[in-house]
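I have placed the structure first, in the form of C-alpha cells, so that the comments after it can refer back to it.
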Amino acid sequence: MTLAYACKVTGAPPKRIQNAFHLLRVGFEYRLEDVRRLGLAIWLVDSFVMELNWAWEFAGEALKSPQEVVRFGHPGGPVLEIDVGRYLSNFALACAAALKNPPRTAGRPSRAKRLKMPPAKFGIDMDALRDNAARTPEERLRSLDENWKFVQSLRP
Amino acid sequence: MVSGLAESEVRFVVIGGVAGVAHGSRRVTNDLDICYDPNAENRRRLAARLGRWHACPRGVELSLPFVLDEVTLFRAPMLILRTDEGDLDCFTGVKGVGTYDVVSALSEPVNVGALQFRILSLAALIKAKRAAGRPRDHEALLELEALAKLSA
C-alpha cells in the first residue's frame with residue numbers, strides 16, 4: 001500500500017499518518033496490517049480522546065480477535081467496547097473503494113484534449129452507434145445481458 | 001441482477017455503463033452500478049439481497065470476517081462488491097448529479113420484458129462522466145455526447 005492509499009482507506013490526511021507512524025516507530029512501508037491497525041487507532045483517538053500510543057496498543061489487542069466485540073476495562077468500571085468485525089468490514093469496503101477509484105497520482109492532471117476531437121477521429125464508429133441507437137433499450141440490454149452471462153460462464 | 005433487486009423491492013436507479021448501453025452506447029461493461037435510496041428500510045432490503053448473493057468487497061482478501069448489514073451500508077457510501085450474480089457497485093449519490101433523490105428525479109423508466117426499472121437519463125449520465133473526470137471515462141463521454149447529438 002502507498003501513503004495515498006493509506007489516506008484513502010483510513011480517511012486521515014497524509015501528515016497525520018506519517019506523524020503517527022513516526023511516533024509509533026513503525027516503518028513507512030504502509031503494510032496492510034499496519035494501516036488497518038492505525039485506522040482503528042485513529043478511530044479510538046478521535047472517539048475517546050485517547051493518546052495515540054494507547055490507542056495503538058488497544059487496536060493491536062482488539063485485532064487479535066477479528067470475529068468479536070472486544071471489551072477492555074475492569075469489572076464495575078468503564079468499559080471500552082470495540083466491534084472488531086464491523087471495523088474490519090468497513091475497512092475492507094474502504095480498500096475495495098480505493099482500488100476502484102485510486103488516489104490521484106503525483107504530477108500535473110491530464111488535460112482532456114482528446115475531448116475536443118470529433119468522436120469519429122477518436123475511433124468511435126458512428127455508423128455502428130447510429131445502428132445501435134435505432135434499436136430499443138430492451139434489445140440493447142438483452143444483448144448486454146447475453147454478453148454478461150457469457151463472461152460469467154468463463155469465470156473460474 | 002436487476003430483477004433480483006427489483007424482486008426485493010429495493011429502490012434504485014441504474015447508473016454507469018449499463019445505463020449507457022440502455023441509451024445506445026456500444027461499450028461492453030461487466031458490472032452493474034446502481035444508486036440506491038439510503039433510507040433505513042431500503043438499506044435493510046438491499047443488505048438482505050446482497051447477503052443472499054454472498055456479496056463481499058471486490059479485490060480484497062477474504063480471510064477476515066465481513067459483516068454486510070444495514071449498518072455497514074449506512075457507514076459506506078460506496079460499495080464495490082463481487083456477488084454470486086456478478087460485480088455490483090452501489091452508491092448513495094452520483095458525483096456531478098447529486099443524492100439519490102436528485103438521481104431518481106433525473107431518471108427514466110425502462111422495460112425489459114415484464115421487468116421495469118429506472119435508469120439515469122442521458123443528460124445526467126453525461127454530467128456524471130464529466131464530473132468524474134477520469135481518463136478512462138473520456139471515450140465513454142465522447143460516445144454519450146455523440147448519442148445525445150443523434151437523439152436531438
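The values are calculated or read from the model by the stated rules, or taken from the named source; none is laboratory data. Note that this is a predicted model, so its numbers are computed, not measured. Here the Cβ is made from the backbone with ideal geometry for all residues, glycine too, and neighbour counts use every protein chain on show.
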- prompt: When you go through A:ARG16, A:ARG36 one by one, which is the residue that is within 16 Å of A:THR2 (Cβ to Cβ), under 16 Å from the mean Cα position of the chain (by Cα) and modelled with pLDDT of 90 or more?
  reply: A:ARG36
- request: Filter region B:50-78 down to residues that are small (Gly, Ala, Ser) and within 7 Å of chain A (Cβ to nearest Cβ) and give me whichever is surrounded by the most Cβ atoms within 10 Å (Cβ to Cβ).
  value: B:ALA76
field: Residues located in region A:4-38, provided they are part of a helix (DSSP H, G or I) and either acidic (Asp, Glu) or closer than 16 Å to A:LEU99 by Cβ (or both)
entry: A:ALA4, A:TYR5, A:ALA6, A:CYS7, A:LYS8, A:VAL9, A:THR10, A:LEU32, A:GLU33, A:ASP34, A:VAL35, A:ARG36
message: Only one of A:TYR30, A:TYR5 is touching a helix residue (DSSP H, G or I) at 6+ places or on another chain (Cβ under 8 Å), among the aromatic types (Phe, Trp, Tyr) and within 14 Å of another protein chain (Cβ to nearest Cβ). Can you tell me which?
response: A:TYR5
- prompt: When you look at B:VAL67, is it within 24 Å of B:VAL110 (Cβ to Cβ), modelled with pLDDT under 90 and not in a helix (DSSP H, G or I), yes or no?
  reply: no
message: Can you report the number of residues in region B:116-131 which are in contact with a Ser or Thr (Cβ under 6 Å, 6 or more places away or on another chain) and modelled with pLDDT under 90?
response: 0
Answer residue from region A:105-150, given it is of a type in the set (Ser, Thr, Tyr) and either in a loop (DSSP other than H, G, I, E, B) or at pLDDT below 85 (or both) and is farthest from the chain's Cα centre (by Cα) among those: A:THR136
- request: Examine region B:109-123 for a residue that is polar (S, T, N, Q), at negative phi and at the interface with chain A (Cβ under 9 Å from one of its Cβ atoms), and state whether such a residue exists.
  value: yes
- prompt: Just one of B:ASP101, B:ASP137 is of a type outside the set (A, V, I, L, M, F, W, C), within 15 Å of the chain's Cα centre (by Cα) and either modelled with pLDDT of 90 or more or over 16 Å from A:ALA133 (Cα atoms) (or both); which is it?
  reply: B:ASP101
task: Please name all residue pairs, on different chains or six or more residues apart, with Cβ atoms under 6 Å, provided the first residue is in region A:118-144 and is among the hydrophobic types (A, V, I, L, M, F, W, C) and the second residue is assigned to a helix (DSSP H, G or I) and modelled with pLDDT under 80.
output: A:MET126/A:ALA120
statement: The residue that is nearest to A:VAL45 (Cα to Cα), considering only those in region A:56-104 that are part of a loop (DSSP other than H, G, I, E, B) and within 7 Å of chain B (Cβ to nearest Cβ), is A:PRO66
message: Filter region B:15-46 down to the residues that are surrounded by fewer than 20 Cβ atoms within 10 Å (Cβ to Cβ), more than 10 Å from chain A (Cβ to nearest Cβ) and hydrophobic (A, V, I, L, M, F, W, C) and list them by number.
response: B:ALA40
query: Do you know which of the residues in region B:73-98 that are outside any strand (DSSP E or B) and touching a Leu at 6+ places or on another chain (Cβ under 7 Å) is modelled with the highest pLDDT?
result: B:VAL97
